[in-house]
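Q: Take a look at the following structure, please.
The values are calculated or read from the model by the stated rules, or taken from the named source; none is laboratory data. All values derive from a computational prediction rather than experimental measurement. Note that we place each Cβ from the backbone using ideal geometry, even for glycine, and neighbour counts take in every protein chain shown.
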Amino acid sequence: MINEPANPCYSISAVSEMTGVNPSTLRAWERRYGLLQPQRSEGGQRLYTTHDVDRVRRILACLDEGVMLSQVEAVLNEMPRRPDESGQEEWHRLRSDMIAAIKAFNETGIDAVYGEALALHPFAEVTEMLTVPVLEYLGRCWENGEGLVAEEHFFQMYVRNVLGARFFHRHRATHGRLLVAACVPGEQHDLGLLLFCLAAEAEGFRTINLGANTPLEELPQVAGRAGASAIVLAAGYGGIGADLAGRLRTLVTSEAGPVVLVGGRRVEAERQVIEDTGAHILGADIRDGIRRLWQMLG
């Protein structure tokens, strides 16, 4: 499940940038209709959680369907709510059904499970609760000799095709912080990077996805020409060796370079090595990583 931050972390300007809703409109929805209830900082600034951002998007969906603002609250109350602890059983069933379809190399079965999940839950939640756990499970299985490499490759190709189509047809924001995203040299697994880019764009960022095995030396030029605010690197399986740490330090200290962040499944184990280069830890969890980006750049 998507965990809410312990404290609200988005300002009204950040929510406006993420959703496209003018700050004055957000304030009107709060004061006139009671649709939002942000908390306040000690200085009186409105502070919003991820749940508030999701609620704004649900309000927009209602308005797109022709629902009047005075009726939106009633419609929202009738919508399925985000799952809590009791929803774990449902996710367990979906993951089990997905794994069974993968082991049978049944793409139609995978489609059915994925479609059912998307019909009930937001894309980001399906990614966190279904897609990523299944990928991690398959990876552990072949590492332990309990599954076939072909099973993981089969599902990776399915996910790559689905996400590639979604990325191509995504709504391209014209505003928002620009991120250059790339896998570190030697890293061939770029599905996590693609998932991150999709999630980041859904939260109001713009991305340039350079994919697998990207030379670090070229990234300052890319960021400079594009006007990027940050470089996000994925280091999932290979980790950060001594040679790569030196190249990462050069990237971080490049003249007029943007902030550099590193994410992936092994970054916590190599936190000290990465931080010694001057780069920032993004973590392995996509949603937490995006919250860190908002806090650093927003």
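Q: With the checklist (1) part of a helix (DSSP H, G or I); (2) more than 19 Å from the chain's Cα centre (by Cα); (3) farther than 11 Å from residue 102 by Cβ in hand, flag the one item residue 146 doesn't pass.
A: (1)
Q: Tell me the residue from 287, 225, 247 that is in a helix (DSSP H, G or I) and free of Cβ contacts under 8 Å to residues at least 40 places away in the same chain, please.
A: Unique residue meeting the criteria: 225.
Listed here are the residues, each with its yes/no results for (1) assigned by TED's automatic domain parsing to the domain that holds residue 190; (2) polar (S, T, N, Q); (3) touching a helix residue (DSSP H, G or I) at 6+ places or on another chain (Cβ under 6 Å).
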residue: 116; (1), (2), (3): no, no, no
residue: 127; (1), (2), (3): no, yes, yes
residue: 134; (1), (2), (3): no, no, yes
residue: 138; (1), (2), (3): no, no, yes
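Q: Select, from 216, 282, the only residue that is in contact with a Lys or Arg (Cβ under 8 Å, 6 or more places away or on another chain) and closer than 30 Å to residue 49 by Cβ.
A: Just a single option satisfies the conditions, and that option is 282.
Q: So which residues in the range 137-161 are under 19 Å from residue 265 (Cα atoms) and in contact (Cβ under 8 Å) with a residue 40 or more places away in the chain, if there are any at all?
A: Hits for the range 137-161 are 137, 155.
Q: Further question on the same structure: Going by what's in this entry, would residue 202 be described as touching a Lys or Arg at 6+ places or on another chain (Cβ under 7 Å) and surrounded by 16 or more Cβ atoms within 10 Å (Cβ to Cβ)?
A: In short, no.
Q: Same structure, new question: Out of curiosity, is residue 125 crowded, with 18+ Cβ neighbours inside 10 Å and assigned to a helix (DSSP H, G or I)?
A: Considered against the rule, which asks whether it is crowded, with 18+ Cβ neighbours inside 10 Å and assigned to a helix (DSSP H, G or I), residue 125 comes out as yes.
Q: Is one or more of the residues making up the range 232-240 among the hydrophobic types (A, V, I, L, M, F, W, C), part of a helix (DSSP H, G or I) and farther than 29 Å from residue 162 by Cβ?
A: Looking for residues that are among the hydrophobic types (A, V, I, L, M, F, W, C), part of a helix (DSSP H, G or I) and farther than 29 Å from residue 162 by Cβ, one finds none in the range 232-240, hence no.
Q: Touching a Phe, Trp or Tyr at 6+ places or on another chain (Cβ under 7 Å) and of a type in the set (D, E, K, R): which single residue out of 166, 177 fits that description?
A: So the residue among 166, 177 that is touching a Phe, Trp or Tyr at 6+ places or on another chain (Cβ under 7 Å) and of a type in the set (D, E, K, R) is 177.
Q: Would it be correct to say that residue 228 is in contact with an Asp or Glu (Cβ under 7 Å, 6 or more places away or on another chain) and surrounded by 14 or more Cβ atoms within 10 Å (Cβ to Cβ)?
A: no
Q: I'd like the residue in the range 49-74 that is modelled with pLDDT under 80 and in contact with a Lys or Arg (Cβ under 9 Å, 6 or more places away or on another chain) and, out of all such residues, is surrounded by the fewest Cβ atoms within 10 Å (Cβ to Cβ).
A: Going through the qualifying residues, I end up with 51.
Q: Counting only residues that are surrounded by 19 or more Cβ atoms within 10 Å (Cβ to Cβ) and under 14 Å from residue 295 (Cβ atoms), which one in the range 18-48 is modelled with the lowest pLDDT?
A: Top of the filtered list is 18.
Q: OK, next. Suppose we keep only residues that are buried (at least 18 other Cβ atoms within 10 Å of the Cβ) and under 18 Å from the mean Cα position of the chain (by Cα) within the range 149-168. Which one would you say is modelled with the highest pLDDT?
A: My answer is 159.
Q: Right, another one. Which residue out of 203, 217 is among the charged types (D, E, K, R) and closer than 26 Å to residue 136 by Cβ?
A: The unique qualifying residue is 203.
Q: Let me ask something additional. Check off (1) in the same structural domain as residue 230 (by TED's automatic domain parsing); (2) of a type outside the set (Phe, Trp, Tyr); (3) within 26 Å of residue 103 (Cα to Cα) for residue 182 and give me the number that stays unchecked.
A: Of everything listed in (1) in the same structural domain as residue 230 (by TED's automatic domain parsing); (2) of a type outside the set (Phe, Trp, Tyr); (3) within 26 Å of residue 103 (Cα to Cα), residue 182 misses just condition (3).
Conditions tested, residue by residue: (1) among the hydrophobic types (A, V, I, L, M, F, W, C); (2) assigned by TED's automatic domain parsing to the domain that holds residue 193; (3) within 17 Å of residue 186 (Cα to Cα).
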residue	(1), (2), (3)
206	no, yes, no
215	no, yes, yes
227	no, yes, no
261	yes, yes, no
277	no, yes, no
284	yes, yes, no
288	no, yes, no
293	yes, yes, no
